[in-house]
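Only one structure is covered here, and it is reproduced in the block below.
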Amino acid sequence: MMRYHPLSTGFKIYQLIKSNFIFMLLLFVIQRDSESWYFVYGRYAFLVFVFLRLLYIVASWFVEKYEWKDRTFHIHKGLLVKRTSTIPFSRIQNVTRKTTLFHKIVGLTSLTFETAMDGEDDSIHFDVLSKKHADFLIDLVQPSQQQARTLKLENVESIHEIHVSDYADEESENNHDENVQGSIENEKQDFLEKRRHVHFTPEKMDLWKASFTSLSFLAIIPIIFAALDTLRPFLPDTDQLEGVLQVLLASKWLFVIILIFAIIIAVTFGVARTFIRYGRYEISSDTRYIYIDRGVLDESYFAIEKKKIQGLEIKQTMMKRIFGLAEVKLISSANPNKGDESINVNSLYPFLPLQKAYELIEELLPIYQVKTRKLQRLPRKSLWVKLLKPSWLWLLVTIGLFYFKPELFGLEQIWWILSVVFLCVIVLQRFLDYHHTRYAVNETQVQWWHGGLTSRMFITKRRHLIEMSYSQSKLQSLFQVASITTMNRSTPTHIETIDDIPLPFAQAFEKWYLERWEDVDLVGEHNSNPTVPK
C-alpha cells in the first residue's frame, strides 16, 4: 500500500487556482468595489468553496492509496465512501507520461495508464511522482522496456563481455560451455528485439511547414481579444479608443506599418508555438510497442501496444493537401485525450509528408498494407446520386436569408446571391467527395478513402470490426447503390460510413464480414500456441 506523492496535493491546489483564476480576478479585482448582492455573496460562496476543496485535497491524500500484486493494480479512493478499483495490467491499452512546466520546476512528472474499461475509474492517473518511480511503473506494465531504456545498441558487446565474466566461474566449475554461449546469444537476441528503433524526427523544414499549415499564428487573435476583455476596466474610454482608431485610419502609412508589425508578431507567435510543441518530436518502436515522445516545455511520452491498435486513420485538410501533408491517427480502445484536450497523444506527427506517412505505417505496423493504386473508384451513377440528394442545410439557410434579407456591400437583394454561392459550395463538396472516394478489400483488410474539401483514409483489419451494416434510401435503390457502415471498438466507438457504393459490392462485403470468425479463431489459436502463424 503506497500513498501518492506528497506534492500531488500541491499540484491539485495549483490546478484549483488555475481553473478558478477568472472567478478570482472577477470577484476580487475587477468587481472588488461592487456592492451588488451577487458579487458580495459570491465572494463568500467562493471562499467557502475553496476552503472545502482545500480541506478535501489534503484529507484525501491520507486516504487514497494504491498497490499492485499478481500483475494487477488496486486503487483505493474515497473520503466518505470507500471504493476500490481493480485493473489488471493486461487491460492497460496506452501509457501516457507528461511533464509540464510545473513538473519540470520540481523535477517530477505525471503518468497515466489508460484502459478499454468504461466508467469513472477507467484509467490510473498519477498527478505527481518521481521520474524514477514513473520508470519503475512503466517497466512494471511493460517489462520489455526495462533493458531497452537503460542500454544502448553500441553497448551490446560490452554487455556480452560482462555476462561472459559472470558465467566464467560457473563455466569453470560445471564446464557448460554450450549452455553459457546459448544464454549469451539468447540475451543478445532479446536485447535486439527490445531496443527502440527511431522512425521519424521532424527537420526544420517540416516544422516551418507545420507552422503555416496548422494556421497556429491565428491562435494569437482569441488571446488578444480575451486580454482586451479582461483589461477593459483599466483601458481608456470607448470614445478615446475610437479617436485613436480614426487617427490610425487617416494615416495610411502608419496603418500599414502597424499592420505589418501585427503580422510579424502573429507569425512569430505561431512559429514559436509550433517549435515548442513539435521541436523535440520522436516516433519510435520495438517489436511490441509504438512510442511517441514530444514537447519542449511540456514534455509527453505515449506508448501503445501494437496488437491493441484497432485501425488507422489518415486525414488531410485543405491546407495539408496543398503542402502534401497528412496526419496519421492510431485508433485504440482507450481514450488518451480524456480530460486533456491540449494534446493529441494518439496521433503520429500531424504534419507528415503523405509518402512518408505511408512508409511509416508499413514500418510501424507491417500487418497493415496501404494500397493507393489498387483502390476502386465509384461508378458515374454514384455522382448523380450525390448531386440529386436534397440538401436540407441549404434549404434552411435559404429560408433564413429570405426572411432576414441581409444587406451587404449596399446590395438589398444579395440574399439570393449568397444562397447560390452556398449551393455551389455544396455541389463542389459533393463532387470532390465523389472524386476522392475509393475503396479496397482483400482477404483480411478493408480500406476506405473519402471526403470532400477534407479527405480521410481509414484502414482496419476484419477481425477488429465489431459490427457492419449496409442500407439504401429510395434514391439509392433507384440507382442500385448503398451505404456501408462499419464499427470499431474505441472510445468513443469509431464509426465509418461510405456512401453510394455499388450494391453488389455491399452484398459481397457483408459476406466477407461474416467470414470474420476465421480471423478470430486464427488469432485465438496463435495466442494459445505461439507456433501457429498469425
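Summary of values
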read-out	value
Extreme residue, surrounded by the most Cβ atoms within 10 Å (Cβ to Cβ), among residues of the range 100-140 that are at pLDDT below 85 and part of a helix (DSSP H, G or I)	PHE102
Any pair with Cβ under 9 angstrom, 6 or more apart, that starts in the range 317-329 at a residue that is more than 12 Å from LEU352 (Cα to Cα) and ends at one that is open to solvent by 50 Å² or more (accessible area, probe 1.4 Å) and part of a strand (DSSP E or B)	none
Some residue of the range 18-39 being of a type in the set (D, E, K, R) and part of a helix (DSSP H, G or I)	yes
In the range 423-464, residue modelled with the lowest pLDDT [restricted to those that are open to solvent by less than 30 Å² (accessible area, probe 1.4 Å), touching a helix residue (DSSP H, G or I) at 6+ places or on another chain (Cβ under 9 Å) and in a strand (DSSP E or B)]	GLY451
Residues of the range 273-304 classified as among the basic types (Lys, Arg), modelled with pLDDT of 80 or more and more than 24 Å from VAL128 (Cα to Cα), total	1
Residue that is farther than 28 Å from ALA134 by Cβ and surrounded by fewer than 15 Cβ atoms within 10 Å (Cβ to Cβ), where the choices are LEU27, LEU47, LEU54	LEU47
Any hit, the range 496-511, residues being closer than 30 Å to ILE92 by Cα, more than 28 Å from the chain's Cα centre (by Cα) and buried (at least 16 other Cβ atoms within 10 Å of the Cβ)	no
Pick from the range 472-488, criterion among the polar types (S, T, N, Q) and within 31 Å of the chain's Cα centre (by Cα), ranking: most open to solvent (accessible area, probe 1.4 Å)	THR485
Residues satisfying the stated conditions in the range 280-311, i.e. free of Cβ contacts under 8 Å to residues at least 40 places away in the same chain and within 19 Å of ARG489 (Cβ to Cβ)	LYS307
Single unsatisfied condition, ARG97 versus (1) surrounded by fewer than 14 Cβ atoms within 10 Å (Cβ to Cβ); (2) assigned to a strand (DSSP E or B)	(1)
Lone unmet requirement of (1) within 22 Å of ARG516 (Cα to Cα); (2) open to solvent by 60 Å² or more (accessible area, probe 1.4 Å); (3) charged (D, E, K, R) for GLU412	(1)
Subset of the range 288-307 [touching a Lys or Arg at 6+ places or on another chain (Cβ under 9 Å) and either among the small types (Gly, Ala, Ser) or assigned to a strand (DSSP E or B) (or both)]	TYR289, ILE290, TYR291, ASP293, ARG294, GLY295, GLU299, SER300, TYR301, PHE302, ALA303, GLU305
First in the range 508-523 and in a helix (DSSP H, G or I), second anywhere and of a type in the set (S, T, N, Q) and at pLDDT below 90, Cβ under 8 Å, 6 or more apart	ASP519/THR444
Residue in the range 150-162 that is in a loop (DSSP other than H, G, I, E, B), farther than 23 Å from ILE13 by Cα and at pLDDT below 85 present	yes
Boolean, ALA59 is at pLDDT 85 or above, of a type in the set (Gly, Ala, Ser) and open to solvent by 50 Å² or more (accessible area, probe 1.4 Å)	no
The range 9-24 - residue that is open to solvent by 100 Å² or more (accessible area, probe 1.4 Å) and not β-branched (Val, Ile, Thr) and, of those, farthest from PHE102 (Cα to Cα)	PHE23
Test result for THR485, under 30 Å from SER123 (Cβ atoms) and modelled with pLDDT under 90	no
Answer residue from the range 358-407, given it is under 22 Å from the mean Cα position of the chain (by Cα) and among the hydroxyl-bearing types (Ser, Thr, Tyr) and is nearest to SER477 (Cα to Cα) among those	TYR368
Any hit, the range 467-478, residues being at pLDDT 90 or above, among the small types (Gly, Ala, Ser) and out of contact with any Ser or Thr (no Cβ under 9 Å at 6 or more places or on another chain)	yes
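Here's the yes/no breakdown for (1) in contact (Cβ under 8 Å) with a residue 12 or more places away in the chain; (2) assigned to a loop (DSSP other than H, G, I, E, B); (3) open to solvent by 90 Å² or more (accessible area, probe 1.4 Å):
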residue: LEU383; (1), (2), (3): yes, no, no
residue: VAL397; (1), (2), (3): yes, no, no
residue: GLY400; (1), (2), (3): no, no, no
residue: TRP416; (1), (2), (3): yes, no, yes
residue: VAL420; (1), (2), (3): no, no, no
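The values are calculated or read from the model by the stated rules, or taken from the named source; none is laboratory data. Only a predicted model underlies this, so the values are computations on that prediction, with no experimental measurement involved. So basically every Cβ, Gly included, is an ideal-geometry build from the backbone, and we count neighbours across all protein chains shown. In case anyone asks, the SASA skips ligands and DNA or RNA and just uses the protein heavy atoms, side chains included. Shrake-Rupley method; radii C 1.70, N 1.55, O 1.52, S 1.80 Å.
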